Amino acid sequence: PWLAEVSDTTGFLYTILMNTGTAKEKGIKEGDVIRVENKYGHKVSGMVHTIEGIHPQCIAMSYGTGKWAKGQPTARGKGPNNSVLQEIDLNHLCPISLNMEGAATAKVCKAEVPK
């Protein structure tokens, strides 16, 4: 709960971070809702925060946000859930430690927001 309280005071923790130049090239502005989709068709949406400190070919999301469990009301529904984009199978686990990959290849586009 303390981390959630601190996170609520920042303007961008529950957003998807994207390089400012890359966002501009894609016609995406600060605060737009974007969709991120991996090559397997799994998608997640969230508000974008543009920042210079992200590599132009990467996006970033805070791990542990966008929870679904009713037993975790503090984090439930806040921000995008990046776990949706990570595959959990033997092809995507470390063969030695069985740890999940921490990144996923994905494409980004502006999301259609119902009015």
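No lab work stands behind these numbers, since they all come straight from the coordinates. Since the model is a prediction, treat every value here as computed from it, not as a measurement. Every residue, glycine among them, receives a Cβ derived from its backbone with ideal geometry; neighbour counts consider all protein chains shown.
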Let me know the number of lysine pairs in the chain closer than 12 Å at the Cα, not counting same-chain pairs under 8 apart.
7
Antiparallel content of DSSP bridges confined to the chain, in %, to 5:
75 percent
Please turn the phi angles of the range 8-14 into ³J(HN,Hα) values with the Karplus equation 6.51 cos²θ - 1.76 cosθ + 1.60 (θ = phi - 60°), one per residue in order, whole Hz, x for glycine and proline.
5, 7, 8, x, 9, 5, 8
Test of understanding: in a Gaussian network model of the chain with alpha carbons linked when under 10 Å, which of L93, L13, L85 would top the mean-square fluctuation ranking?
L93
Amide H partners (placed H, <5 Å) of A111, local residues excluded:
V33, I34, R35
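Which shape class applies to the chain: rounded if a/c is under 1.5, otherwise prolate when a/b exceeds b/c and oblate if not, where a ≥ b ≥ c are the square roots of the Cα gyration tensor eigenvalues? Could you put the intermediate results ahead of the total?
Working: a/c = 1.62, a/b = 1.13, b/c = 1.44.
Oblate.
Counting other Cβ atoms within 10 Å, which trypsin sites (Lys or Arg not before Pro) in the range 17-68 have at most 12 and lie in a DSSP loop?
Details: sites: K24, K26, K29, R35, K39, K43, K67; in loops: K26, K29, K39.
Filter output for the range 17-68: K29, K39.
May I ask you to order 45-55, 100-110 by the average number of other C-beta atoms within 10 Å around their residues, highest value first? Kindly include the intermediate steps, with their values, before the conclusion.
Working: 45-55: 16.5, 100-110: 13.3.
Put in order of decreasing packing, that is 45-55, 100-110.
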Computed lengthening from K29 to D89, 0.36 nm per intervening residue step minus Cα-Cα distance
18.1 nm
